[in-house]
Amino acid sequence: MLQSRPRLRPSLRRASLCLVAAVAVLVAGCGGAAQESPRGEPQAVPVTTAVVESRPWNDTVAALGTVNARESVTVTAKVSEIVQRVHFDSGDEVAAGSVLVTLSGNQQQASLRAAEAAANEAEQQYRRGSELVEQQLIARASIDTLRATRDAARANVAQTRADIGDRTIRAPFAGVLGLRQVSTGALVTPGTAIATLDDIGAVYVDFPVPETRLSVVAPGQRVAGRSAAYPDVDFEGTVQTIDARVDPDTRAVLVRATFANPERQLRPGMLMQVRLEQRSRTALLVPEIAVIQVGRDTFVYRVREDETVEQVPVVIGVRDGGLAEIVEGLASGARIVVDGTGKLRPGMRVVEGSVQEVKSQSGDAVEPAGAPAS
């Protein structure tokens, strides 16, 4: 026996047909809009382009350096003795030869008086012997003995005075003293630190330079530096010397620059950011945001005459101030895409949002990423 199928209500059937038709129209309309313009041509992607130009460029090498005093020493005692008097306070500026500490030397003073008396007696004996030799009353060999005794007595006096001098500790050069480490009555021994002494009227800053830049570094070049303690102060110096050896671990060489420090702002041990300026040269520059890095590949999008784009592999040199140097891959006058590269593929048409020229905001450049660290 045949069974009849259930029939849909007329109202539900009409609603289903309308829904299917609407979906079909929507899909067809969206697909056509995404692929073609009203004229049936592929739509152009709006981008910002730039014209690449060669222009003068001042390279710099950026590094971290350490401040060192022009002269620096830790003042110590030479002998074991009691401190009799301290002649300075922490932070004093002293001249060369200034007395810093006097040690007790009563025993040495007594020894000096005895040595001077013996020397005077030996001198008198020598003079009498000389007179007797002239009168031929004693043998000439006797005067040689008297002369040796006199010379030994004089040497004993000099040695005793040197011992007394070791008990007067003086500043070896002019500079600024650090914190005082001893007090009156303290016992000091050879090597006991009394205070540090630094000549900081001018300071040295040692910083590493990659060996790849060694050929363009020379004494007399200008160096600019900044310290975190004085972020708004630019310190100026010059290269004084270059180390004779390259560090085999970092492949860098130490360069020493001299900085004037009349206001004593720079202190030994401070960290400084230094920039070593080099000779001006001509470089091909592009905005750094135009450079695309995918794995080990580096490229830019160049705009062709028909307003389509192509990927051009490039080699990057130095980077700074939002600019990158093109070493290989582009020529001056080429148009490249700066903004909007994320939605481009080779062969796509572009329309310019704006055209700009590549200009340096600061005439300097630093080492590219991957240079040896300081």
Please state which one of P219, P208, P172 is touching a Pro at 6+ places or on another chain (Cβ under 8 Å) and closer than 26 Å to N261 by Cα.
P208
Do we have any residue at all in region 25-48 that's under 30 Å from T282 (Cα atoms) and either in a loop (DSSP other than H, G, I, E, B) or modelled with pLDDT under 75 (or both)?
no
Looking only at region 158-172, and only at residues there that are more than 39 Å from the chain's Cα centre (by Cα) and of a type in the set (A, V, I, L, M), the one that is nearest to V83 (Cα to Cα):
I164
Among the residues in region 219-228, are any over 28 Å from G322 (Cβ atoms), outside the structural domain of A334 (by TED's automatic domain parsing) and touching a residue at least 24 places away in the same chain (Cβ under 8 Å)?
no
Counting only strands (runs of 3 or more DSSP E) wholly inside region 245-341, the ones holding at least 1 residues that are under 20 Å from the mean Cα position of the chain (by Cα) are 252-260, 271-287, 315-320
Can you tell me which residue within region 260-272, out of those that are surrounded by 15 or more Cβ atoms within 10 Å (Cβ to Cβ) and not aliphatic (A, V, I, L, M), is farthest from D206 (Cα to Cα)?
Q265
Of the residues in region 257-294, how many are aliphatic (A, V, I, L, M) and out of contact with any strand residue (DSSP E or B) (no Cβ under 7 Å at 6 or more places or on another chain)?
1
Somewhere in region 112-126, is a residue surrounded by 14 or more Cβ atoms within 10 Å (Cβ to Cβ), at pLDDT 60 or above, aromatic (F, W, Y) and in contact with a strand residue (DSSP E or B) (Cβ under 7 Å, 6 or more places away or on another chain)?
no
Hits in region 173-192 (condition: under 30 Å from the mean Cα position of the chain (by Cα) and surrounded by 13 or more Cβ atoms within 10 Å (Cβ to Cβ))
F173, A174, G175, V176, L177, G178
For the structure I just gave you, tell me whether R245 is in contact (Cβ under 8 Å) with a residue 12 or more places away in the chain, over 21 Å from A50 (Cβ atoms) and among the charged types (D, E, K, R).
no
With criteria (1) at pLDDT below 85; (2) in contact with a strand residue (DSSP E or B) (Cβ under 7 Å, 6 or more places away or on another chain), G91 comes up short on (1)
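The values are calculated or read from the model by the stated rules, or taken from the named source; none is laboratory data. In this text the structure is predicted, and so the values were computed from the model without any measurement. Don't worry about glycine lacking a Cβ; one is built from the backbone with ideal geometry, like all the others, and counts go over all protein chains shown.
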